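Only one structure is covered here, and it is reproduced in the block below.
The values are calculated or read from the model by the stated rules, or taken from the named source; none is laboratory data. Note that the coordinates shown come from a computational prediction; the quantities given were computed from them, not determined experimentally. FYI the Cβ positions are ideal-geometry reconstructions off the backbone, even for glycines, and counts take in every protein chain you see.
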């Protein structure tokens, strides 16, 4: 997996505060220095009840494959996002086909907020804020700075993404926002 393929062309931010989890993704799809699309949907609800939020950075087809696999794991381990994520990460790292997929995924539900990588990692962030993609560090820094001064998770997420979109050329301000009451 190359860092260039994983870290460029999108920004996904998750903020969990109070009784709300918010996942925001920008809409830009870039190929090199060319914007190919401005309204892509990189954030969605998954799970049988739609009670899990998921967002991806990386190759779109790869991310869809991983979302499908994660949903299969969730059927196998209902109500246990962490177990499903660990099982997916294990397969992703060891399976001959899956190990070539280039993406990162943020998933969250009422109890967990996780980043899943193709290297077999399932990371639970130390803070209730995490981000991936080319503008991820900008959005993460902005969200962490706003976190103590704003009570609403969605306001934090939208403002942080706006800041990221003004700094990162691979991030636009056409946001898709999903919220979950936790």
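Details
Residue by residue, here is whether (1) surrounded by fewer than 18 Cβ atoms within 10 Å (Cβ to Cβ); (2) under 16 Å from residue 52 (Cα atoms); (3) within 13 Å of the chain's Cα centre (by Cα); (4) at pLDDT 95 or above holds:
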| position | (1), (2), (3), (4) |
| --- | --- |
| 106 | no, yes, yes, yes |
| 120 | yes, no, no, no |
| 124 | yes, yes, yes, yes |
| 131 | no, no, yes, yes |
| 148 | yes, no, no, yes |
| 168 | no, no, no, no |
| 177 | yes, yes, yes, yes |
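- Test: residue in region 66-78 that is closer than 27 Å to residue 29 by Cβ and under 13 Å from the mean Cα position of the chain (by Cα): yes
- Each residue in region 78-110 was checked for being part of a loop (DSSP other than H, G, I, E, B) and farther than 20 Å from residue 44 by Cα, and 3 pass.
- Sole exception among (1) outside any strand (DSSP E or B); (2) touching a residue at least 12 places away in the same chain (Cβ under 8 Å); (3) closer than 23 Å to residue 175 by Cβ for residue 64, by number: (2)
- Which listed residue, of 140, 81, 123, 88, is on the phi < 0 side of the Ramachandran plot and touching a helix residue (DSSP H, G or I) at 6+ places or on another chain (Cβ under 6 Å): 88
- Residues in region 150-164 that are surrounded by fewer than 22 Cβ atoms within 10 Å (Cβ to Cβ) and outside any loop (DSSP other than H, G, I, E, B): 154, 155, 158, 159, 162, 163.
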